[in-house]
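The values are calculated or read from the model by the stated rules, or taken from the named source; none is laboratory data. In this text, all values refer to a predicted model and were calculated from it rather than measured experimentally. Cβ sites come from the backbone with ideal geometry, for glycine too, and all protein chains shown count toward neighbours. The protein model used for the area step is the full one, side chains on, heavy atoms only, and it has no ligands, DNA or RNA in it. Shrake-Rupley method; radii C 1.70, N 1.55, O 1.52, S 1.80 Å.
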Amino acid sequence: MTPPKSAPGLGIYVLPGRTTDPAAGLDEAREAERAGFGAVYVSERLDLKEAAVTCGGLVAVTERVTVGTALIHQGTRHPLTIAAMSATLQTMSGGRFVLGIGRGLGALTPSLGVPRSTLASIEHLVRTLRRLWAGDRITETGPAGSFRGMRFADIPESAPPVLFGTIGPRGLELAGREFDGVILHPFLTTEAVNRSVTIVRESAERAGRDPSSVHVITTLVASPDLPSERTDLAVRSRAVSYFQVRGLGEQLVEWNGWDPAVLDALRNHPTLSGQGIADTSLTRDGLVAASESLPDEWFEAAAAVGTARLCVDRGRQYLAAGADEVLIHGASPAEAAAMVPLWAMEP
């Protein structure tokens, strides 16, 4: 059988959102590789979707596709544990691992009893990871911790790329200055992505780096040829899970130039009232009703709903806005497989 054309620059999430069956991600990763996606990414849930275990399974059942985290969060692991996890996955996969890290614990931080992540602690962390992978012995105190002779005894042959998942201008500046790349948040318009890319590239240039060396991934929530009930789960409920979160919703609305009053209507919807972080309180289908509070224009401007061709064309609009890679979210690899041959064709 002739293998499918691969789609460099087109990645996809496996196990998007909550799951009670993390083993399903193994089949999804196999399907993504068979379809020709260039990369698969997994987000982390601190219950049945621990990233190190999940990614270990994904690299074991694939041979070519890049495997990455999008994202793990500072504070849930010691820096040495993050370094060891990443170096192990990079070595096991033959150099196919990408570490995506972020600050997104947010309101969960107090319940975990861990310090709140800051941009300074993230910057210290990524520098610490790179020093460990290079074989340095680290004795210092900084925002990411206090270390006394911390080191790797066995050095990986190659260090994995480290990407920063962020949305605000200061985080984007940090990504351009220190990281190998950035993962942009779902539900950003092409205009917002273009502004984000500009901040990243200009920051890299000020730091004396090649601006084009910083890999920009934009996340596109998509429903290619899916029935309406699947679109509700893949797109509309996912939007609710982001915009309902205080702080994050405001950032997305401000970055897109949208009406912030919509957030009050969403958060006051009867199905969300008193739920706290709705994504951890309600299942995906329980979030659908509240999506009626969100304007259709938001989905038209910052998601992709329609045919596989339409979704590919939307993805290419984000490339034209300056992104290097489009990460499909919401649809499964099997559901989005028809996008791959279209993506591989010359536009």
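Below is a table of values for the structure above.
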{"quantity": "Test: residue in segment 173-184 that is among the charged types (D, E, K, R), closer than 18 Å to R316 by Cβ and either surrounded by fewer than 17 Cβ atoms within 10 Å (Cβ to Cβ) or in contact with a Leu (Cβ under 9 Å, 6 or more places away or on another chain) (or both)", "calculated": "no"}
{"quantity": "Those helices (runs of 4 or more DSSP H) lying entirely in segment 1-116 with at least 3 residues touching an Asp or Glu at 6+ places or on another chain (Cβ under 7 Å) and touching a residue at least 40 places away in the same chain (Cβ under 8 Å)", "calculated": "none"}
{"quantity": "Segment 197-209, residues that are touching a residue at least 40 places away in the same chain (Cβ under 8 Å) and buried (at least 17 other Cβ atoms within 10 Å of the Cβ)", "calculated": "V197, R201"}
{"quantity": "Among (1) of a type outside the set (V, I, T); (2) open to solvent by 50 Å² or more (accessible area, probe 1.4 Å); (3) on the phi > 0 side of the Ramachandran plot; (4) under 17 Å from the mean Cα position of the chain (by Cα), the one test that G94 misses", "calculated": "(4)"}
{"quantity": "Filtered residue count, segment 137-156, keeping only those that are over 26 Å from P169 (Cβ atoms), open to solvent by less than 60 Å² (accessible area, probe 1.4 Å) and not aliphatic (A, V, I, L, M)", "calculated": "6"}
{"quantity": "Residue within segment 13-31 that is closer than 22 Å to T109 by Cα, surrounded by 23 or more Cβ atoms within 10 Å (Cβ to Cβ), of a type outside the set (K, R) and at pLDDT 95 or above present", "calculated": "no"}
{"quantity": "Check on S212, at pLDDT below 95 and not in a strand (DSSP E or B)", "calculated": "no"}
{"quantity": "Long-range neighbours under 8 Å by Cβ, at least six apart or interchain, first residue more than 22 Å from A234 (Cα to Cα) within segment 334-347, second assigned to a helix (DSSP H, G or I) and open to solvent by 30 Å² or more (accessible area, probe 1.4 Å)", "calculated": "P347/R316"}
{"quantity": "Matching residues in segment 247-297 - criterion: being open to solvent by less than 40 Å² (accessible area, probe 1.4 Å) and of a type in the set (D, E)", "calculated": "D279"}
{"quantity": "Cβ-Cβ under 7 Å pairs, at least 6 apart or on other chains, segment 154-174 side on the phi < 0 side of the Ramachandran plot and of a type in the set (D, E), far side open to solvent by 20 Å² or more (accessible area, probe 1.4 Å) and assigned to a helix (DSSP H, G or I)", "calculated": "E157/T91; E173/I199"}
{"quantity": "Residues (assigned to a helix (DSSP H, G or I) and either open to solvent by less than 10 Å² (accessible area, probe 1.4 Å) or among the hydroxyl-bearing types (S, T, Y) (or both)) located in segment 117-134", "calculated": "S121, I122, L125, V126, T128, L129, L132"}
{"quantity": "Subset of segment 185-207 that is under 19 Å from the mean Cα position of the chain (by Cα) and outside any helix (DSSP H, G or I) - its residue that is nearest to T166 (Cα to Cα)", "calculated": "H185"}
{"quantity": "Listing of helices (runs of 4 or more DSSP H) fully contained in segment 291-347 that carry 3 or more residues being closer than 21 Å to H185 by Cβ and within 20 Å of the chain's Cα centre (by Cα)", "calculated": "296-302, 308-320"}
